[in-house]
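**Q** Provided herewith is a single structure, encoded as structure tokens, for subsequent inquiry.
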Ligand SMILES: Cc1ncc(C[n+]2csc(CCOP(=O)(O)OP(=O)(O)O)c2C)c(N)n1
Ligand SMILES: Cc1ncc(C[n+]2csc(CCOP(=O)(O)OP(=O)(O)O)c2C)c(N)n1
Ligand SMILES: [Mg+2]
Ligand SMILES: [Mg+2]
């Protein structure tokens, strides 16, 4: 299989002594790529080219990119049903991602997983997960292995605030703190569990859920990638040096519906609210303005980045559309290793 | 079935205007009965008269009695594998309890449940439970029903601190607080999960687990029945009047092994530690001294209570030993209602 | 007057609405069951009629709210819990099996747990391995539970009403690909007893025993067989427990050839039990081994061609049946 | 030299110790597995040899530490989790079925989950309904998992070693009433392949297919039958998945009469599958319907006489077999 888009430079600049400027231009490009990726996913759905549904990450890009930029390529992540952003930020190639979303053989999972199950050992991606909270055990276990095998790898466990409803999260946070495991629980609070506001499903406080276990906690504006990156870098460093787990709440917003088919949203949230987030709190624009302020880029330069990203995303889509399906005879392969 | 011991006066003095003296003499008698009950259970085991094992409540009596004395007979409780004390304190008759422990037809569950499954609608006992944390959902659901059916019943959910390891506890505490349900989660911290000290299994703090959900919390010396009763009465009243759930940590100690067969305990706790609790912190003695101090009783009077209790417990054991087993043909009855 | 037709989803909703009107103790608990009416829109309109106290949105806590239903049922309500995808019953097994199923027995008959769990089954929705399973065999294995697999709107309404009135924990599996299937549904307050199979089509040459989604597949195959002059009988047990062994065995005795169809995995599953029951009960009348057809033994793949290959189709069933009748 | 004998518990412990010596990635996670060596004392001595980093006491969090094992396995370890009573697998179903069993497939073969879950089954210990179940049918139903049911100390050692070396999630069920059973166990580093049945006793008149605890019951019944001049063959599949269908079917063809025995519930369970496989595979050779014997369909009662009535005994099996051979 030959991929038409090259892999991102590799996720993470944690260890590279890139300049401030390069670092944030790279992050900007990553966020733009994710945004454009999701736009294409929506297109594919609308044009009835994609089987099933998908959950878009648009609006939340600063969380995945801000955090993954603070990780090494050999660090692990676990992801969710809304996982495209995490996977891309950790280094997945858009062409193989699209191929997976279309059920093609060139996809990360040979088409067997689809949107909700992208996984890739090469980028430390232990897998997206379609069970809410389903990967908290896996993330904690990978941290257990990282520690017991004597590596200094760190694991980031991404989950939506809806996963706070799953008891297993509390079980594993207790284990992680008892055993001082290098895992960061990242709660992406995008305000909604499907069609219900999180305040209707979440008593007490979000951070309190981790404080209970004596876990280091922090809360950050999830639209401000520099804030996310800074705080994540600190927690990751802390975990890497053996000081145990952390819990990071990132407040953010999903721009689109719960999934691509969720078009009529007025009964659970207003257009006004959506508009406000998009205009006032867009993570890409916020970083863009800062880059310009700093003199790291001007508007045309950012436009160029966008255009380039668009080109490669479009090429990636084309690659996926043209790619062959797996042979039906593969259906019973890979059940057992 | 004719029971030889009369039922306790009914659990709970919440609504009776008993005098202070009567109230605490009654509570004393209840604690003594539980202690003697458990001594007999151990006897039955040692004499190989009891099938299987049992988990004794000796040492923890002030918790069950202190709390159940603040409940009405129509309030609900759920109990645990270490449940004899809860059941007796809520009003169960020792003879039918023993009968159940021996697998007899006269038992609360017609012999089908045994030590870990005593249940009784007449005293609001929703059932002991052999799954650690297994009754937290049931308790919360009974509170849901109590509220939605417009009653002012309250539910007490007893569990050992080991149940803090079960995720479902966190799921239901969230629900209880969101819906302001009349349920009190009573964590009996007797220091050990089987053969492991709770500090080795419990990160952070116990109360923090409930604080996280915005639940009212309190901690009390579980050997001091007056303190337990006072604080429980307040939380129960609060729940009854619609102000929602509470979490009460009672620090206590089990005098015997995890179960009757757990004889050699030195590898997980010292005899010295056991001795200290028994001599310094015995709940029956503490209340007895106070009763004497107050002039509510003298030593011979307390001795008389003990002797009477012993007589009825012994009669109850005899009843159970003499009682018939259920007919084997009952084995497939009661699978479906 | 032409018979009124409803979709499967509408029939489920009507059953719930009728029972909620009839009995104020009936309530619904689940994720996005109120305003959203579930992602499948099965419950649309109920919160408007019955209010948020009886159609209750929960956090994403399947174990927690299932446990709440057990306790609420014991304490006098008749809760119906909604588990969005049947794949998530994994999270409720302790509450359903160690608690709900056993409370009545363990208490010597003193407590009852009149609750219903509604959930889904079925593949080919392009939802991949964690949203496509048909795990009803697990609950069918457990004494104390009853398990319903409706295959038509008519059955859905009548069986769900029986489930809600039952004094025991009952699990009701809806094929999510069947929600839009239409069929006649009377407006009456009718119920269908649990444990009574239904002969969905009479025939003489071969019996197709099928459950849930596979009933439609079997009926389609029966049409194809008909064109070849083979008369197939389609028998729908409707409930895996209680199981109407007699109707299955009688049909097998009559036709002497049987295929058993169920969308769950065959191994240690529903087709095993049905095949074993028939092979034993009709032993002296069978002309050929009972043939089992179920989901292929793989996690359900996402890729459409692969996914489609995992589920028996009319054509597959037709071919197997035809070859058995030769 | 007389063969060395070990108890079943000792054989399990020896397998673990040997594999832990051999492979530093093997570790044990569970409640009271370290100093206490589990309530059944199966693991006594291991923490002393391997230390608390490899024999790890956990909180009472079955879902949590099973999930940890899944992730640890993916990230390079070979964890063995200890679920004290098989009844508690209810709490681990999501981790085992939606995660462990599917990771390899869903990832297109890229990730592997080489973990073992050890747990127990079996009644008659007077432990009542929540500590006596034999729920292995559930895992046997699920593609991606392997399931082992050892019936002798010899098999326990050889099969557990294979399980630990396997690249897949494997569940290993130990009958808790068999821990003290003694039998020959070589000191060698031997393994037994998964998916190979064992003929525990040869015979010509009837086949008793039996798993786990029921193998001993079947052997006892075979002795009783022998005295009546009936020669019974006892076949132990040893693993319910992979399943050695051939050996079962061959034996059935040879004897023409089969009883299938398993301590789980029969309905939608192990006996259903084994009976269905044999009824199909040996259809033209059977002289009588395959007879199934399993736990009575009730939650396990506490009262001893009642509990004993729920499990097949040598005498029951003997009687059924004898009447089949008349
Ligand atoms: C255990 C489980 N229950 C329910 C669902 C259905 N479901 C899918 S996404 C979702 C909402 C998740 O909300 P959140 O965790 O906040 O993530 P978000 O979608 O907002 O990113 C639900 C209920 C599921 N996939 N898994
Ligand atoms: C889910 C579950 N896991 C494990 C067990 C085995 N077990 C029975 S009691 C117990 C310890 C419980 O400790 P705690 O909750 O503190 O109660 P205590 O015995 O101290 O009263 C364990 C692990 C169980 N019964 N249920
Ligand atoms: Mg959300
Ligand atoms: Mg304890």
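Values in this text are rule-based calculations from the coordinates and carry no lab data. What you see is a predicted model; the values in this text were computed from it and never measured. All Cβ positions, even for glycine, are placed from backbone atoms using ideal geometry, and neighbour counts span all protein chains on display.
**Q** Sorted from largest down, what three extents in whole angstroms do the Cα atoms of the range C:5-184 have along their principal axes?
**A** 44, 36, 31
**Q** Give me a single rounded figure for A:267-275: the average over its residues of other chain Cβ atoms within 10 Å of their Cβ.
**A** 1
**Q** Which three semi-axes in whole Å describe the equivalent ellipsoid of the range B:75-186, each the square root of 5 times a Cα gyration tensor eigenvalue, listed largest first?
**A** Semi-axes from the Cα gyration tensor: 25, 16, 10 Å.
**Q** Tell me the Rg and the Dmax, in Å, that the Cα atoms of the range B:157-292 produce.
**A** 16.3, 47
**Q** Throw me the Rg/Rh for chain B, computed over C-alpha atoms with Kirkwood Rh, two decimals.
**A** Here the Rg-to-Rh quotient is 0.95.
**Q** Viscosity 1.306 mPa s, temperature 10 °C: what is the translational diffusion coefficient of the range A:238-278 from Stokes-Einstein with a Kirkwood Rh over Cα pairs, rounded to a whole number of µm²/s?
**A** Translational diffusion coefficient: 121 µm²/s.
**Q** Quickly estimate the mean residue ellipticity at 222 nm for chain C, helices only: each DSSP H run with n ≥ 4 gives -39500 (n - 2.57), and the total goes over all residues, rounded to 500.
**A** Estimated from H runs of four or more residues: -10000 deg cm²/dmol.
**Q** Another question, then. By DSSP, what percent of the beta bridges with both residues in the protein assembly as shown are antiparallel, rounded to the nearest 5?
**A** If we restrict to bridges inside the protein assembly as shown, about 15 percent are antiparallel.
**Q** Provide the packing ranking of C:13-25, B:273-285, i.e. peptides ordered by the mean count of other C-beta atoms within 10 Å per residue, highest first.
**A** C:13-25, B:273-285
**Q** Could you work out, residue by residue across D:275-286, how many beta carbons of other chains sit within 10 Å of that residue's beta carbon, and then give the average as an integer?
**A** That works out to 5 on average.
**Q** Gaussian network model of chain D, Cα springs within a sub-10 Å range: biggest mean-square fluctuation belongs to which of D:120, D:247, D:66?
**A** Looking only at D:120, D:247, D:66, the largest GNM fluctuation is found for D:247.
**Q** Take the alpha carbon atoms of the range C:285-326, find their center, do the same for the range D:1-72, and report the distance between the two centers in whole angstrom.
**A** 43
**Q** Taking every pair of alpha-carbon atoms in the range A:293-334, what share in percent sits in each 10 Å bin, from 0 to the bin with the longest distance?
**A** Reading upward from the zero bin: 23, 24, 21, 16, 11, 5.
**Q** Given only helices, namely DSSP H runs of n ≥ 4 each adding -39500 (n - 2.57), what is the per-residue ellipticity at 222 nm of chain A, to the nearest 500 deg cm²/dmol?
**A** -13000 deg cm²/dmol
**Q** May I pose another question? On the Cα set of the range A:126-208, report Rg and Dmax in Å, please.
**A** So, for the range A:126-208, Rg and Dmax equal 13.4, 43 Å respectively.
**Q** OK, next. Could you check which residue among C:218, C:52, C:252 shows the biggest mean-square fluctuation in a GNM of chain C with a 10 Å Cα cutoff?
**A** Between C:218, C:52, C:252, it is C:52 that shows the largest mean-square fluctuation.
**Q** Give me the percent of Cα-Cα pairs in the range D:198-325 that sit more than 20 Å apart, rounded to a whole number.
**A** When every Cα pair of the range D:198-325 is considered, 37 percent fall beyond 20 Å.
**Q** So how much slack lies between residue B:285 and residue B:191, counting 0.36 nm per residue of separation and subtracting their Cα-Cα distance, in nm?
**A** 31.8 nm
**Q** In whole angstrom, how far apart do the alpha carbon centroids of the range A:51-103 and the range B:278-305 sit?
**A** Cα centroid to Cα centroid, the span is 67 Å.
**Q** What is the packing order of peptides A:74-84, A:303-313, taking the mean over residues of other C-beta atoms within 10 Å and listing the highest first?
**A** A:74-84, A:303-313
**Q** OK, next. Give the share of C-alpha pairs in each 10 angstrom bin for chain D, from 0 to the last occupied bin, in whole percents, shortest bins first.
**A** Final binned percentages: 6, 27, 34, 23, 9, 1.
**Q** Where the eigenvalues come from the Cα gyration tensor of the range C:53-159, what are the semi-axes √(5λ) of the equivalent ellipsoid, largest first, in whole Å?
**A** 24, 16, 15
**Q** Run the Debye formula on the Cα coordinates of the range C:121-224, all scatterers equal and no solvent, and tell me log10 I(q)/I(0) at q = 0.13, 0.15, 0.19, 0.24 1/Å.
**A** Each listed q corresponds, in turn, to -0.54, -0.72, -1.11, -1.42.
**Q** Let me ask you something else. Please report, to two decimal places, log10 I(q)/I(0) for the protein assembly as shown at q = 0.04, 0.06, 0.07 Å⁻¹ as given by the Debye formula with identical point scatterers on the Cα atoms and no solvent.
**A** -0.22, -0.51, -0.71
**Q** I need the peptides A:133-146, A:257-270 ranked by packing, meaning the mean over residues of other C-beta atoms within 10 angstrom, with the highest value on top.
**A** So the peptides A:133-146, A:257-270, ranked by packing, come out A:133-146, A:257-270.
**Q** Roughly how crowded by other chains is peptide B:95-103, in terms of the mean Cβ count from those chains within 10 Å of each of its Cβ atoms?
**A** 2
**Q** How many angstrom separate the Cα center of the range B:111-167 from the Cα center of the range A:160-175?
**A** Each part reduced to its Cα centre gives a spacing of 23 Å.
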